Amino acid sequence: MAKATAAALPELTASWWESHSVALANVRFGAMAKRLPVVLRQAIGIAWRASPRDTVAALLFNLLTGVATAFGLLATRGVLQALFASGATLDRVRAAVPSLIVVAVATAVRSGLSIIAGWAQARLEPQVLTTAERRLFELTTQVKLAAFDDAGFSDEMERARNRGSLAVQFLTRGAIDLTAGLAGLAATAVTLALLHPVLLGALLLASVPAAWAAVRAARLAYLSNHARTSRRRRLWMLADLMANRATAAELRAFTMRPFLLREYDIMAGAETDTELEVVRRQTMTRLVGGVFSGLATFRVYVALGVLLVDHRLPLAAAGTAVLALQAARTALALAVTNVNRVYEEGLYFNDYTDFLARAGERMPPVTKQATVRPPVTVTVRDATLHYAETDAPAVLGATLTVRRGETIALVGENGSGKTSLARLIAGLYHPDSGTVSWDGTSLSTVDPQDVWRHVAMVSQEYWHWPFTAERNILLGTHDEPRDGLIEVAARKAGAHDMITGLPAGYGTLLSRNFAGGQELSGGQWQRLAAARAFYRDAPVLICDEPSAALDARAEHALFAALRAGAAERITVLITHRLANVRHADHIYVMRDGRIVEHGDHPELLAAGGTYAELFQLQATGYTAA
Ligand SMILES: Nc1ncnc2c1ncn2[C@@H]1O[C@H](COP(=O)(O)OP(=O)(O)OP(=O)(O)O)[C@@H](O)[C@H]1O
């Protein structure tokens, strides 16, 4: 069973990037105590960026709540002093009235301040979450495409996205609640110190075991969560496969149910075991912390008794001390819970900040060269491309030139490097060696946004954007809409009739995940993808298997439209249907990343190489009796 698990679920193995966070989670209590202020500062920093006003209000009103608590306690001593003095009961009660009024006012003010602090905090949290998420998405939409080929990066992104952003929100909450707890503790500590310094020391001693247990429990939870990231990702993926409209038919036709459920059982079983172990260890920790905390509290009350018996503490002060100690326990519970939360969320927050830093390293280089113009000539010279974590190059020493008005076709067997070469031409990847230049300017020296502005792409794996049909086409140039051209583009792609046949025409929402949404067939989606590219009307058009899902008529119309517009642009065509590439000005045949043949259709047929062989093979399929 274990063997099967390892073979089927490679994600269980640890990745290189995990060591950093594990090291952090393994820090000892002292080191962690040192780290807390840093985490707190970062949390307050983010809160400040989200809303300076609410941050100040939340912190200030919590601190003022603490001050009101101290006032209330000290006034209580006045009440007790008056009540425990000698004399007639009525006189003693009268003497206690001023202090009682102070206690009442302090209590009312304290409640008011705490409500205002809660309000500021509630306002702050959603703003913090939005700020954190926005920052994350600013980076994920900008990092180099190559970053996504790195499994470590994807995992980090997932952790930062799923937990890290939330951690920022929880951390801010924890930081402010911790401030409230500490302010309450400080208030009671001041009160106790004023009553007798020994009581203060006793209170501090009582706090340590609880804090230790809280931090250790948090660390256990984090470590387990961290180790489970890969497995959970696999579990989510399995859950998605088993409860998804898109996979439902294939799952049944291939009777995959037992296999998927078995995989689920293996993963979920391991998940539950880990979780139970963590809960066991956390409970032990809390038990030990609780016992020591109880003993320490007992010692505090013994100290109080000794001071009373020795007449070093008056009865009124002892009564106040008991009240202060009770208030201290509440404040301590709040502080400890939030030390716990701040520490734990601080670790997740660290995932978030780490990801931001790593994503920052994967930004496209900022170059001096600001723009490229729509290219007249695109030149690929001796270009080689390796994807991350792969040994064999996807493109090896490719050289070609294509001019405006020309169409080139990349053909070859699956995995021969056609898409990869097209990605180089589009500036989506940069070659490890060699160059890709537009009119003599190497794309690796240009801001990629400027390159992509001139590129339209019908990719092999186009996305089914869950928007209306119109928006799906408009996405082609959403930043500079071209009035009236949506229908023109849709007609060129053979999508217009299909779209007008939808319940709400161009306004039909294309996603069954929303009420009233419609689903399209594979070919219909592909027409829409082509319409988007036509609408973009870019000087470099890359069509990667643009007709794989199209019927014969639609395919014919699409290639006719491509040829009609070819004079104004550079067209790169990738297709396995070789009948569609006969009109290309140059055909490049690829094998194992290399360009092994090139020429136009008659030249390549005459050469009698791979192209001729593949072409004849397809042609006989149509002519054979
Ligand atoms: N993002 C990626 N990360 C790692 N390897 C990749 C990636 N994309 C492609 N490859 C690998 O690079 C090689 C070339 O892939 P490419 O997609 O360029 O081939 P292709 O000729 O377009 O294939 P097909 O005809 O099947 O579309 C293949 O071995 C593929 O596994």
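Observations, loosely collected:
- Between Ala211, Ala270, Ala175, the distinction of being touching a residue at least 40 places away in the same chain (Cβ under 8 Å) and within 30 Å of Arg299 (Cβ to Cβ) belongs to Ala211 only.
- Residue match in segment 592-611 (condition: assigned by TED's automatic domain parsing to the domain that holds Gly405, in contact (Cβ under 8 Å) with a residue 12 or more places away in the chain, part of a loop (DSSP other than H, G, I, E, B) and within 16 Å of the ligand (Cβ to nearest atom)): yes
- Checked against (1) outside any helix (DSSP H, G or I); (2) more than 15 Å from the ligand (Cβ to nearest atom); (3) within 31 Å of the chain's Cα centre (by Cα), Gly360 passes all but condition (1).
- Selection from segment 392-412 of residues that are near the ligand (Cβ under 7 Å from one of its atoms) and either among the charged types (D, E, K, R) or crowded, with 18+ Cβ neighbours inside 10 Å (or both): Ala394, Gly412
- Test: residue in segment 533-546 that is on the phi > 0 side of the Ramachandran plot and within 16 Å of the ligand (Cβ to nearest atom): yes
- Looking only at residues of segment 434-473 that are free of Cβ contacts under 8 Å to residues at least 24 places away in the same chain and within 20 Å of Asn513 (Cβ to Cβ), we find that the one that is surrounded by the fewest Cβ atoms within 10 Å (Cβ to Cβ) is Glu461.
- Of the numbered criteria (1) within 16 Å of the ligand (Cβ to nearest atom); (2) among the hydrophobic types (A, V, I, L, M, F, W, C); (3) surrounded by 22 or more Cβ atoms within 10 Å (Cβ to Cβ); (4) not in a helix (DSSP H, G or I), the one Leu421 fails is (4).
- When Ala560 is tested against (1) surrounded by fewer than 21 Cβ atoms within 10 Å (Cβ to Cβ); (2) in contact with a strand residue (DSSP E or B) (Cβ under 9 Å, 6 or more places away or on another chain); (3) not acidic (Asp, Glu), just one condition goes unmet, and that condition is (2).
- Enumeration of residues in segment 295-315 that are closer than 30 Å to Val215 by Cβ and modelled with pLDDT under 85: Ala296, Thr297, Phe298, Arg299, Val300, Tyr301, Val302, Ala303, Leu304
- So Leu332, is it in contact with a helix residue (DSSP H, G or I) (Cβ under 8 Å, 6 or more places away or on another chain), in the same structural domain as Leu220 (by TED's automatic domain parsing) and buried (at least 19 other Cβ atoms within 10 Å of the Cβ): yes
- Residue within segment 375-391 that is over 26 Å from Pro546 (Cβ atoms), more than 16 Å from the ligand (Cβ to nearest atom), at pLDDT 95 or above and part of a strand (DSSP E or B) present: yes
- Per-region count, segment 392-418, residues among the hydrophobic types (A, V, I, L, M, F, W, C) and assigned to a loop (DSSP other than H, G, I, E, B): 2
- Helices (runs of 4 or more DSSP H) lying entirely in segment 156-266 (those with 2 or more residues that are touching a helix residue (DSSP H, G or I) at 6+ places or on another chain (Cβ under 6 Å)): 165-195, 197-227, 229-242
- Only one of Thr468, Thr477 that is assigned by TED's automatic domain parsing to the domain that holds Ala529, modelled with pLDDT of 90 or more and under 29 Å from the mean Cα position of the chain (by Cα): Thr468
- Looking only at residues of segment 46-100 that are modelled with pLDDT of 90 or more and among the aromatic types (Phe, Trp, Tyr), we find that the one that is nearest to Leu113 (Cα to Cα) is Phe61.
The values are calculated or read from the model by the stated rules, or taken from the named source; none is laboratory data. Please read these numbers as outputs of a predicted model, since none were measured by experiment. Reconstructed Cβ throughout: ideal geometry from the backbone, glycine too, with neighbour counts over all protein chains shown.
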